[in-house]
Amino acid sequence: MTTTNDSPDDGALSRRHFLGLTGAGVAATVLAACGSSSKGSAGATTAATSGGATTTAAKSTAATTTASAAAPTTVGGAAAVAGANAMKFGGGGKDGKLKIGFTAPQSGALGGFGEANAFIVAAMKKLMADGVMLGGKSYSVDLIERDVQSNSDTAAAQAGKLITEDKVDLIMAIATPEMINPVADQCEANGVPCISTLAPWQPYFFGRKGDPAKGFDWTYHWFWGADQLVGVFSNMWKAVGATSIGLLAPNDPDGNALADAKTGFPAGVSAAGLKLIDPGRFNTGTNDFSAIIGQFKSGKADTLVGIPIPPDFSTFWKQAKQQGWNPKLVTVAKAVLFPAAVEALADIGDGISSEVWWSPNHPFKSSLTGTSAKDLADQYTKETGKQWTQFVGFVHSLFEVTLDALARAGSTDKKAIATAVGKTSLDTIVGNVTFGKGGVPKNIAPTSLVGGQWQKQSSGKFDLIIVENALATNIPLGGKLKVLG
């Protein structure tokens, strides 16, 4: 079924206005274009597909516009200078078609991890509406989104459809190793470039049996690593005088990687001179954590560390409080990334600590639009009515890296695209993305990580406050770490 929306709306971008934009002028337009998923793009044709949607950007004839500019402009009240992204836009898209697949969990237990997608995708469709320039030719863009439904088998199947049925030129993928790895494996096996983020890099790379000496040929990933998470959390444990750490790790790629004795949380606990209480891995979806809580209590654990998915942590934490276990600090990755996850815990969510990989206070800007982290977060809140989430920045960066690499590849040739991705060195809205730098495998680009704590404000709202930044001092602190209870 094909639905064409030809009527203008308040967020529509006229051809004449778009064609007059360059550099940070594009930034202002992208901010204006960002809106709720309920609004359509004028002049766009959307065809429903199994598990997703294909959108063909509207075409028109025009001169090209570039995403970079020398002169600063004001965007959302803050000065911004467009970044050094290689992509140029315009030309009407008459010379060819570029197909980009985008896999993400939009439903199921991890559905919240795709919450920012609609906001970012709407803006990118506007930006690409008149075509993208590859090797001096203008290509129209089909962005084909697939919901992997929080299921690894579905992720593999959807990637297979994108490759064999939709004939995509490359695939972008988020989030968690369980949702990304099956997609990346399909791409590697079929010679299709895959660009991904939003999963710790070790479970991504080693979970796919990657060899650091060889790496992969087609698949690239950026995000923080287990060593950074251990470092951030260790500093927080020391700050509150922790003595004994209880480990809550699921039997999944993230849990197994962070429970590794040499590279995970146990190593960090040992290096800090603390005691570790490890009750073993638990199965995702567990409804009764009594045995684990009992071991934490008998072992006198005064701090929690873990990496459960949000529903599992909610179940565990409510039961822990009911059973009288009251640690002085809770440091959990992945579990409380969204305001809604903390709000669902009510008062017992106050003071839960987590990793922070992006925030409005991060000192970075978009290489595509010059938009600052704060401007992007503010616009997300304005248009969706929701608090910012860390996913907003990283989903935006996915398009930054993808479009930059495509421009440098100069065509839709898959090998050229993969080669260009591997040579990426780009300052994005989440920081610098350079693959293979600093002793990591050639397919990996680590990004900054700091520590945060959800603190309830006088308004009743929970804010994620940056309280630990020893590994990234360029990211400012927002407050002090508080002891629970």
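Counting only residues 5 or more places away or on other chains, whose amide H sits under 5 Å from the amide H of Phe462 once H atoms are built in the peptide plane?
Gln457
Could you order the peptides 116-127, 458-469, 144-155 from most to least packed, using the average number of other C-beta atoms within 10 Å per residue?
Values: 116-127: 23.4, 458-469: 16.8, 144-155: 21.9.
Put in order of decreasing packing, that is 116-127, 144-155, 458-469.
Give me the tail of P(r) for segment 328-485 as a percent: Cα-Cα pairs with distance above 25 Å.
Details: 4701 of 12403 pairs.
Looking at segment 328-485, the distances longer than 25 Å represent 38 percent of pairs.
So which of Lys275/Lys321; Lys386/Lys480; Lys423/Lys480; Lys262/Lys461 end up more than 29 Å apart by C-alpha?
Numbers: Lys275/Lys321 22 Å; Lys386/Lys480 25 Å; Lys423/Lys480 39 Å; Lys262/Lys461 39 Å.
Distance filter (> 29 Å) returns Lys423/Lys480; Lys262/Lys461.
When the gyration tensor of segment 237-385 is built from Cα positions, what are the square roots of 5 times its three eigenvalues, in whole Å, from largest to smallest? Working shown, then result.
Details: eigenvalues 186, 67, 43 Å².
They are 31, 18, 15 Å, listed from largest to smallest.
Please sort 313-323, 85-95 by packing, taking for each peptide the average over its residues of neighbouring beta carbons within 10 angstrom, highest first.
Values: 313-323: 18.0, 85-95: 21.4.
Descending packing order for the listed peptides: 85-95, 313-323.
When you count, for each residue, the other Cβ atoms within 10 Å and take the mean per peptide, how do 401-412, 235-246 rank with the highest first?
Working: 401-412: 22.1, 235-246: 19.1.
Most protected by this proxy first, the peptides run 401-412, 235-246.
Between Lys321 and Gln387, what's the calculated FRET efficiency when r is the beta-carbon distance and R0 is 41 Å? Round to 0.05. Could the numbers behind the result be given before it?
Numbers: r = 24 Å, r/R0 = 0.59.
The pair Lys321/Gln387 has a calculated efficiency of 0.95.
Just to be sure I follow: if Rg is taken over the C-alpha atoms of segment 128-243 and Rh is the Kirkwood radius over the same atoms, what is Rg/Rh? Mind dumping the intermediate values first?
Numbers: Rg = 17.7 Å, Rh = 16.1 Å.
We get a ratio of 1.10 for segment 128-243.
Apply the Karplus curve 6.51 cos²θ - 1.76 cosθ + 1.60, θ = phi - 60°, to the phi angles in segment 205-218 and return the couplings in whole Hz, x for Gly and Pro.
Per residue, the Karplus-derived 3J(HN,Hα) values read 6, 6, x, 9, 6, x, 9, x, 6, 10, x, 10, 8, 10 Hz.
Can you list the residues, at least 5 places off or on another chain, whose amide H is less than 5 Å from the amide H of Met172, using H built in the peptide plane?
Here the answer is Gly101, Phe102, Thr103, Ile195, since their amide H atoms fall under 5 Å of that of Met172.
Can you list the HN-Hα couplings for segment 236-248, worked out from phi with the Karplus curve (6.51, -1.76, 1.60; θ = phi - 60°), rounded to whole Hz and with x for Gly and Pro?
6, 4, 4, 5, 9, x, 5, 10, 9, 10, x, 9, 10
Taking Lys94 as the anchor, which lysines have their alpha carbon closer than 24 Å to its alpha carbon, excluding any fewer than eight residues away along the same chain?
Output for Lys94: Lys59, Lys125, Lys126, Lys137, Lys167, Lys414, Lys415.
For segment 215-286, restrict the atom set to alpha-carbon positions and state the Rg and Dmax in Å.
Rg then Dmax for segment 215-286, in Å: 13.9, 46.
Can you compute the charge dipole magnitude of segment 139-186 about its Cα centre, using +1 on each Lys and Arg Cβ and -1 on each Asp and Glu Cβ, nothing else charged? Give it in debye, rounded to the nearest 20. All intermediate terms of the calculation are to be shown ahead of the outcome.
On the way: 3 positive and 9 negative charges, 8 e Å.
Computed about the Cα centre, the dipole is about 40 debye.
For segment 321-395, state the average projected area of the convex hull of the C-alpha atoms over all orientations, rounded to one decimal in nm².
Working: hull surface 24.2 nm².
It is 6.1 nm².
I need the shape label for segment 74-187. Rule: rounded when a/c is under 1.5, else prolate if a/b > b/c, else oblate, with a, b, c from the alpha carbon gyration tensor.
It comes out oblate by the Cα gyration axes.
Give the relative contact order (percent, whole number) for segment 128-169; include only Cα pairs under 8 Å separated by 6+ residues.
Working: 22 pairs, mean separation 8.8, N = 42.
Relative contact order for segment 128-169 comes out at 21 percent.
Whole percent per 10 Å bin, from 0 to the bin with the longest distance: what is P(r) over all C-alpha pairs of segment 110-162?
20, 36, 32, 11, 0
List the extent of the Cα atoms of segment 137-193 along each of their three principal axes, largest first, rounded to whole Å.
Here the Cα extents, ordered largest to smallest, are 37, 21, 18 Å.
Convert each backbone phi in segment 115-130 into a coupling constant with the Karplus relation 6.51 cos²θ - 1.76 cosθ + 1.60 (shift: θ = phi - 60°), then list the ³J(HN,Hα) values in order as whole Hz, x for Gly and Pro.
Computed from phi, the couplings for segment 115-130 are 4, 7, 4, 4, 4, 6, 4, 4, 5, 5, 4, 5, 5, 9, 4, 9 Hz.
How high is the FRET efficiency from Asn287 to Asp95, r the C-beta distance, R0 41 Å, rounded to 0.05?
Values: r = 56 Å, r/R0 = 1.37.
Once the sixth-power term is evaluated, E becomes 0.15.
Computed from the coordinates by the stated procedures, all read-outs in this text should not be read as laboratory data. These figures come from a predicted structure and were not determined experimentally. Reconstructed Cβ throughout: ideal geometry from the backbone, glycine too, with neighbour counts over all protein chains shown.
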